[in-house]
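The values are calculated or read from the model by the stated rules, or taken from the named source; none is laboratory data. It should be emphasised that the depicted structure is a prediction, and the values quoted were computed from it without experimental measurement. Cβ sites come from the backbone with ideal geometry, for glycine too, and all protein chains shown count toward neighbours.
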Amino acid sequence: MSELNVTVEKVVEILEHPNADRLEIAVIRGWNCVVAKDSLKKDDLVIYFPIDSILPSELEAFIFQDSKIKLDKSRVKTIKIRGAISQGLAVPYEKLITTFHKLRQYGVGDDIKSYLGVTKYEPPEKSPFTSKMGKQASKKQINPNFRKYTNINHWKNYPNAIDEDEIIVVTEKIHGTNFRAGYVPSIKSEWYKELWKKIKRIFTREKDKYPGYQYVFGSHNVQLQEKNSFNKKISQMNFERKKNVYEEISERYNLKELLHGGVVIYGEIYGDGIQNWKVVKMKDGGKATRWDNLCYQMLELKERMCFYNKLTKFKERICMNRGDKKERCLKYVDKEIKKTELLIAKIKQKITDIKSGKSERISFERK
């Protein structure tokens, strides 16, 4: 989860509200906050409460004592006010300082959430489910060592991080579903559960590949554990068990055998019906096939061609402009165009080889 900072800020600019004469839009850092007309002006000091701030009851009552708008369960949310989006809460510094006198000790950019008693909203934790007969697991079965990795702050919190004339590289995130898998340190259960595990290993002749580690897989909010061989046999006898996408990917690419103890990989699953992508029927018992590889290479070619077209248009715009950085920009863009042309040629050759049957190797590296 991203961090929460309640800070003293300056109003960057005041914008006109498109649908209300008595309202305005104050820009705080990179966020738009709807405020009463003439209540703020440029460079005024405000206390900015970002989205997902939970206000203590006394502070909430003080701020909204004369307001028609009220918070839902003391939580600051993104809302629409007369058709304009308001992202966060901007309270005039002078209004709060009359009651909260210690605010004078803080300057612009200082975090004051501890002083005001503001906390961050955390969504109720859902119990991740296991693949055991499709039932959800209790919290006791969750391995806390299978850590989440996203802790990304919103770019609007850093409006001055990139200069206006700075050259940047823009990449597109693949629209899929989050995936993670690996071996994490095991957690000790009660003595009778540990004894039962040992008994099952004796009868099923299962051995831990990496003693002291447990193989787990899933997504950012889902944690799955593989069935042991005994449960697999029972499920195969009773019915055809439908695999979830995380289990299918784990088995298709043999991750349990390829990964080592203490290693966890993070990635994105896309294609084959994920997130409204066109469904492609799998062959060869669910394993990756030549058809999978061809689909991937066609999608890769489409992305590279789109990027190539954007580069050429960008080069035309640079040629029309005049400036000190024109030669530097052209040199950089020409380098990227040549690199993209080589990649496109390689992908086209791969597609030709796959169609002719020369290559069935699955290649999912992105360079």
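Within segment 122-135, does at least one residue satisfy the condition of being under 30 Å from Asn244 (Cβ atoms) and at pLDDT 80 or above? Among the residues of segment 122-135, at least one is under 30 Å from Asn244 (Cβ atoms) and at pLDDT 80 or above, which makes the answer yes.
Residue check: is Val91 touching a Leu at 6+ places or on another chain (Cβ under 7 Å) and at pLDDT 90 or above? No: the conditions fail for Val91.
Considered as a group, the residues in segment 29-57 that are closer than 16 Å to Lys77 by Cβ and among the hydrophobic types (A, V, I, L, M, F, W, C) include one that is nearest to the chain's Cα centre (by Cα), and that residue is Ile51. Scanning for something modelled with pLDDT of 80 or more, over 16 Å from Val170 (Cα atoms) and surrounded by 13 or more Cβ atoms within 10 Å (Cβ to Cβ), does segment 320-332 turn up at least one residue? Yes: one or more hits. Remark: pairs (first residue in segment 81-101, within 14 Å of Phe62 (Cα to Cα) and loosely packed, with under 14 Cβ neighbours inside 10 Å; second residue among the hydrophobic types (A, V, I, L, M, F, W, C) and at pLDDT below 95; Cβ separation under 6 Å; 6+ apart in sequence or on different chains) are absent.
Exactly one residue out of Asn143, Asn157, Asn151 is under 26 Å from the mean Cα position of the chain (by Cα), within 30 Å of Ile318 (Cα to Cα) and either at pLDDT below 80 or among the polar types (S, T, N, Q) (or both): that is Asn157. Would you pick out the residues in segment 160-172 that are over 23 Å from the mean Cα position of the chain (by Cα), loosely packed, with under 10 Cβ neighbours inside 10 Å and in contact (Cβ under 8 Å) with a residue 24 or more places away in the chain? Result: Asp165, single match.
Looking at segment 66-110, which of its residues are β-branched (Val, Ile, Thr) and not in a loop (DSSP other than H, G, I, E, B)? Steps first, please.
Here is the first cut: in segment 66-110, the residues β-branched (Val, Ile, Thr) are 69, 76, 78-79, 81, 85, 91, 97-99, 108.
Within segment 66-110, Thr78, Ile79, Ile81, Ile85, Val91, Ile97 meet the criteria.
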